[in-house]
1. Could you tell me which residue out of LEU106, GLY204, GLY144 lies farthest along the dipole of the range 100-252 toward its positive end? Charges go on the beta carbon: Lys and Arg +1, Asp and Glu -1, centred on the Cα centre.
2. Using only Cα atoms, find the angle between the long axis of helix 11-26 and the longest principal axis of the chain, and express it within 0 to 90 degrees, rounded to the nearest 10.
3. In debye to the nearest 20, how big a dipole does the range 18-545 give about its Cα centre with +1 on each Lys and Arg Cβ and -1 on each Asp and Glu Cβ?
4. Which one, GLY396, GLY495, LEU318, projects farthest toward the positive side of the charge dipole computed for the chain from Cβ point charges (K/R +1, D/E -1)?
5. Apply the Debye scattering formula to the chain, with a single equal point scatterer on each alpha-carbon and no solvent, then give log10 I(q)/I(0) at q = 0.07, 0.09 Å⁻¹.
6. Nearest 5 percent is fine: what portion of the DSSP beta bridges confined to the chain is antiparallel?
7. Mind checking the angle between helix 277-306 and the chain's longest principal axis? C-alpha axes, 0 to 90 degrees, to the nearest 10.
8. Evaluate the relative contact order of the chain (contact order divided by residue number), counting alpha-carbon pairs under 8 angstrom at least 6 apart; express in whole percent.
Amino acid sequence: MRRGENTRTTPSSSSSSVFSHFLSSALRTKRLLSPSEKATVDGSDHGLSRRLGVFDLILLGIGASIGAGIFVVTGTVARDVGPGVTISFILAGASCVINALCYAELASRFPAVVGGAYLYAYTAFNELTAFLVFAQLMLDYHIGAASIARSLASYIVNILELFPIFKDNIPNWIGHGENIGGVLSINVLAPILLMLLTLILCRGVEESSVVNSLMTITKVVIVIIVIFAGAFEVDVSNWSPFVPNGMGSVFTGATVVFFAYVGFDAVANSAEESKRPQRDLPIGIIGSLFICIALYIGVCLVITGMVPYTFLGEDAPLAEAFESKGLKFISILISVGAVAGLTTTLLVGLYVQSRLYLGLGRDGLLPSIFAKVHVKRHTPIHSQVWAGIVASVLAGLFNVRMLSHILSVGTLTGYSVVSACVVALRWKDRAHSQVSYSSKQEGVVCLIAVAVFGFGAGLFFRYDASFIFLILMIVLALGVSLALVFRQVYADAPGFSCPGVPLLPAICIFFNMFLFAQLHSEAWVRFVIVSVVMIGVYAVYGQYHADPNADDNIYHEAPHEEA
């Protein structure tokens, strides 16, 4: 044997080294410090400013959840379900409450930094999982912001056209969109609105919170006026029969209206700007959701009581119902409420995007420019401007309605991961590694199995398979959940505690994946493609730049009590 031959690097050993480095990087987690080790960062001039109180957080959650959909979705679903749409909203709201309880526990556990679902996944599972959660969520946020901006531009043009000087004189390319081919659609007003809201957000969280609060209060007041005005026009005979198409239609309606509640998770992303996060974040998350549930139920009862559900319109059912009763001024008020609702939803959506980019910039998974916070404004201006630019390009140039079929993937994925994080972080003394590796593996496999059975149940329900298969999926998911109960040991959570762990989070995962199966098949393809692409991005950039053990970005677990 020649000298040095034994040290020659073969292609197979080189590829093995690359793979092992990728695997070790992908499985990294954020280190947790105990309360006694927690470094004080609140007084730093380089962080975000803690200016949001509990009232601001509640309005933030309502602003993200209640948009123009409250005036449309309620009626369009009622056409298929009948007055029983009220039950659909109650069932969907109950499911969201369980998801909100999971979010509330984690928001209370890690109140010191931004990140939401990404942060929780990084701490509970690993770096690659967190990065993939971010990617799926961010695509939802970008497409959603562009879609909302175009809807807002269209509503504003509709209001302007109420005045004779503007009627039929505003070109489509300004607000409604001028289609060019099948994909391109020019819209000038939507990007302008996005950049205006981006400028407001760049000025600081206090200024943007004032705008959100004013607009949210406006739309809530309008919804309340609509409910009370409609209550005097209700004919109770329109509520009989209450469930004309059977309970099957009610459950199907619940899967549709579930997304009307999406938005409460925005409160969790404001953790670093909350005055008393450990106390106020759970109140903000759960409080905003209950208010949204009450408003949706009120609108459902009014719209199905005013007009027989078979006569409800498709495009503007609530406005048409009031016009049929001679209350045209209410329909104008509804248009104003829709503008206020879309504005707050868009404002909060842009806000959340910038905070997620900030979190990844700090951790090194994205370039450090995203981690910069303005010294005087205490806002991540670079991240905020980037989010505004991406949404503006999509809203100004593309027919985002074509992309609507691939929405909600990130939301359902994020909600499921958050529920799994609650379970994983409760495993006895996880931070001190007193749980065996095999036990953790078994727990993770059980969580994945619940998700698989939930997706399977959704597929059987979607394609009208035998009821036996649906029951089988539920039984299997229950069996795996019981394994989580009896084969794992759980510690008490610091701060707010989600009840019923691990069963309640398992129910969340099952139902979220059930809904995932109801999405368009394009959404499933999007999930796979985005995951594969982002794994490539992580392999090329993320694994080499992320530093989960840097002293300045360790995730600090909250103490059991906050002074």
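1. Of LEU106, GLY204, GLY144, it is GLY204.
2. 60 degrees
3. That gives a dipole near 1160 debye.
4. The residue sitting farthest along the positive end of the dipole is GLY495.
5. These q points yield log10 I(q)/I(0) values of -0.42, -0.69.
6. 60 percent
7. Here the helix axis deviates by roughly 30 degrees.
8. It comes to 30 percent, rounded to a whole number.
The values are calculated or read from the model by the stated rules, or taken from the named source; none is laboratory data. Predicted, not measured: the structure shown is a model, and the values here were computed from it. When we count neighbours, we look across all protein chains shown, and the Cβ atoms used for this are built from the backbone with ideal geometry, even at glycine. Only protein heavy atoms, including side chains, enter the accessible area calculation; ligands, DNA and RNA are left aside. Shrake-Rupley method; radii C 1.70, N 1.55, O 1.52, S 1.80 Å.
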